[in-house]
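Q: The structure is given below, and queries will be raised subsequently.
The values are calculated or read from the model by the stated rules, or taken from the named source; none is laboratory data. These numbers were taken from a predicted model, which means no experiment stands behind them. Using ideal geometry, Cβ is built from the backbone for each residue, glycine included, and neighbour counts are taken over all protein chains shown. Just the protein is used for accessible areas: all its heavy atoms, side chains included, with ligands, DNA and RNA removed. Shrake-Rupley method; radii C 1.70, N 1.55, O 1.52, S 1.80 Å.
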Amino acid sequence: MKLLAGVVRPYAWGSRTALAELRGAPSPSPHPEAELWFGAHPASPATIRGSDTDDLLTVIEGDPDGQLGANCRETFGPRLPFLLKILAAQEPLSLQAHPSLEQAIDGFERENAAGLTMDAPERNYRDPSHKPELVVAVTEFDALAGFRDPRVTVELLHRIDAPALAPYLGMLAEQPDESGLRAIFTTWLTLPDAVIGTLVPEVLTGAIRALERGEDRFTLELRSLLELGEAYPGDPGVLASLLLNRVRLQPGEGMYLAAGNLHAYLHGTAVELMANSDNVLRGGLTPKHIDVPELLRVLDFHPAPMDELVARVRSEGAERIYLTPAAEFRLSYVELDVDGPASSIGFDMPGPQVLAVMSGRIVVETTGGETVEAGPGDAVWLADSDPDVTVRALSSATTFFRALVPGLRRDG
Ligand SMILES: [Zn+2]
């Protein structure tokens, strides 16, 4: 058992207040703070409080069987299978999708065979793993995710007062299905710059006119379009955003992004749990490398209704468990109150586990009598070799997220 300090990733789209306030640091922070990582990813492993030298990666590499358990190591290799992040978006993130396991293995081998170095800017596949993601809103959280029912998208495009949009609208109206979505998306992403340069401004002007006509069911969609158009003028991703579900998660709501799901986070604070991979294929809304043919290979154009995206939840006492098909991770959210009926909870599943505190204070006690205290911005690492634990609230309104690997056996 160890007390972890998360590592801040200072991407430009980050908030200057959300993560600073969570950890009790001066707010606003001098630089944007986009993500707080609690994991063992080589790029930013969590540090161990009270130790000058060790980080979680070093600890795991020094004792994979004790930290992960032999069962976890045999299934996922000698590394933590998941990465837990708190994400605070002030500005939209890139439009992206992640490959399936088969696509990742194939892509990684192809790029190795082509002689691309690991840090080459045009590399898409930095490892042979897939990257399913679960995002759970901490504040109201806005995103684009999954292709909307194309018949509804046709209505949205009709609302926009832009004659230049007509031929594309026709493509989707005549074929309001997966094939139509593939056709219009592919066309938009491969239009010559000169065409995009006139089409995007015309669409934005049309959207402004639509908004001026008054509120309707597409107000949120049109506002996001304008926001993206302002941030990324001349980017075909602005048009592509029109094809996706405009998602607004309420605190506690989660969304599961399977392989091939096209998505972009827009605004808000959320916890994200994902398989430990860096494989991202971008489709726009970013100055980073974009590989359209490769993105088209991995994208899932099957329309994704909202109730397929939102993760179902099972409650077990004070714990709300997000149900996903991911083999690498399971996320749950626990609410305790020192004076309430649920002031403590016992965990007896095998590790590895990370408990990330969002509010209040917890003390984690093993059956062996060892204790660790943690507050917001800290996390507690539970190794497979640790005995079972009880987590007790030290204050009212104590909340934390719990990440673990599902389905492991207790070894030995
Ligand atoms: Zn993603």
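Q: Pick from A259, A210, A25: which is most flexible by mean-square fluctuation in a GNM of the chain where alpha carbon atoms under 10 Å apart are linked?
A: Of A259, A210, A25, the most mobile in the Gaussian network model is A25.
Q: Also, I was wondering about something else. Would you kindly derive the ³J(HN,Hα) couplings of region 192-208 from the backbone phi angles with the Karplus curve 6.51 cos²θ - 1.76 cosθ + 1.60 (θ = phi - 60°), listing them in order in whole Hz, with x for Gly and Pro?
A: For region 192-208, the Karplus-derived couplings read x, 3, 5, 5, 4, x, 9, 5, 4, x, 5, 5, 5, 4, x, 5, 4 Hz, x marking Gly and Pro.
Q: Let me ask something else. Applying a 10 Å radius around every beta-carbon, put 42-50, 88-96, 365-373 in order of their mean neighbour count, most first. Write out the running numbers ahead of the final one.
A: On the way: 42-50: 17.1, 88-96: 22.4, 365-373: 13.9.
Output ranking for 42-50, 88-96, 365-373: 88-96, 42-50, 365-373.
Q: So between T75 and T366, what do we pick up on full extension, going 0.36 nm a residue minus the alpha carbon distance? Display every interim value, and only then the final one.
A: Working: separation 291, 0.36 × 291 = 104.76 nm, distance 2.63 nm.
Taking T75 through T366 to full extension adds about 102.1 nm, to one decimal.
Q: When ligands, DNA and RNA are left out and all protein chains stay put, how many square angstrom of accessible area per residue does region 324-404 have with a 1.4 Å probe?
A: Details: 2810 Å² over 81 residues.
Accessible surface, normalised per residue, equals 35 Å².
Q: Sticking with this structure for a sec: Give, in nm to one decimal, the length gained when the segment between S27 and A114 is fully stretched (0.36 nm per residue of separation minus the Cα-Cα distance). Please list the in-between numbers first.
A: On the way: separation 87, 0.36 × 87 = 31.32 nm, distance 4.64 nm.
26.7 nm is the gain from fully extending S27 to A114.
Q: While we're on this one: Magnitude of the Cβ-charge dipole of the chain, K/R +1 and D/E -1, about the Cα centre, nearest 20 debye?
A: Numbers: 34 positive and 59 negative charges, 92 e Å.
With only Lys, Arg, Asp and Glu charged at Cβ, the dipole is about 440 debye.
Q: Also, quick follow-up: Starting from the Cα-Cα distance between E230 and V338, subtract it from 0.36 nm times their residue separation and give me the gain in nm to one decimal. Please report the intermediate quantities before stating the final value.
A: On the way: separation 108, 0.36 × 108 = 38.88 nm, distance 4.73 nm.
Difference between extended and current length: 34.2 nm.
Q: A follow-up question, please. Using each residue's phi in region 166-172, evaluate 6.51 cos²θ - 1.76 cosθ + 1.60 at θ = phi - 60° and report the 3J(HN,Hα) Karplus result to the nearest Hz, with x for Gly and Pro.
A: For region 166-172, the Karplus curve yields 3, x, 6, 4, x, 4, 7 Hz.
Q: Using a ≥ b ≥ c from the Cα gyration tensor of the chain (square roots of the eigenvalues), is it rounded, prolate or oblate, where a/c under 1.5 gives rounded and otherwise the larger of a/b and b/c decides, a/b for prolate? Mind showing how you got there, number by number?
A: Working: a/c = 2.12, a/b = 1.68, b/c = 1.26.
Verdict is prolate for the chain.
Q: Mean-square fluctuation check for the chain, GNM, Cα pairs under 10 Å: which of G66, G24, G234 is largest?
A: Sorting by GNM fluctuation, first place goes to G24.
Q: Within the accessible area of region 198-337, what % is carbon and sulfur when the probe is 1.4 Å and the other protein chains stay in place?
A: Details: 2800 of 5490 Å².
The nonpolar share, carbon plus sulfur, comes to 51 percent.
Q: Could you state the number of Å between the C-alpha centres of region 125-149 and region 1-64?
A: Going from one Cα centre to the other spans 21 Å.
Q: List the lysines whose alpha-carbon lies under 28 Å from that of K2, not counting same-chain residues fewer than 8 positions away?
A: Cross-link targets: K85, K131.
Q: What residue among L394, L4, V238 has its Cα farthest toward the positive end of the dipole of the chain, where the charges are +1 on Lys, Arg and -1 on Asp, Glu, each on the Cβ?
A: Farthest towards the positive pole: V238.
Q: So which residue, out of L266, L249, L211, gets the largest mean-square fluctuation from a GNM of the chain using Cα contacts under 10 Å as springs?
A: L211
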